[in-house]
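Following: one structure in structure tokens, then a few remarks.
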Amino acid sequence: MSPLFVGELVILSTILIPQRAMTTMLRVSRRWLSAAAGGSAEETMKRILMATLDANKVAVEDISGGCGAMYRVEVESSKFEGLSMVKQHQLVTKALKQEIQGMHGLTIKTSPPSP
């Protein structure tokens, strides 16, 4: 059977791919689809954090040299008031659960709004 071409994607219906390789391919394709949809991974994470945590300020930076393996995230939100740093970071990681799956590392800095 011949391959099916869809834009830049090639679909081979008779190829067997190990599960681990498929997982990696799915992570990469998720990033590619995010960029193709008109937003970078940084913009996607920023939108998620702004909406989920009702954040005042959000900064997301790719610190892996552009490959999307490591990010630095800084979030300021009133939802952090009265919470320990661990709880604040748990809120961030919960909001970014899907995006974190394809990363090697994430640096998080959180704070409640300054008075």
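Rule-based calculations on the coordinates, nothing more; no lab input. Please read all numbers here as calculations on a predicted model, not as lab measurements. All Cβ positions, glycine included, derive from the backbone under ideal geometry; neighbour counts span all protein chains shown.
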* Over region 41-111 - Rg/Rh using Cα atoms and the Kirkwood inverse-distance radius -> 0.94
* **Inter-label distance for Q101 and K79, nm, one decimal - labels placed 7 Å from Cα along Cα-to-Cβ** => 2.0
* Structure fact -> Summed over the other residues with a beta carbon less than 12 angstrom from that of L96, with K and R at +1 and D and E at -1, the charge totals +2
* Asked: Between M50 and Q90, how many nm apart are label points set 7 Å from Cα along the C-beta direction?
  -> 2.8
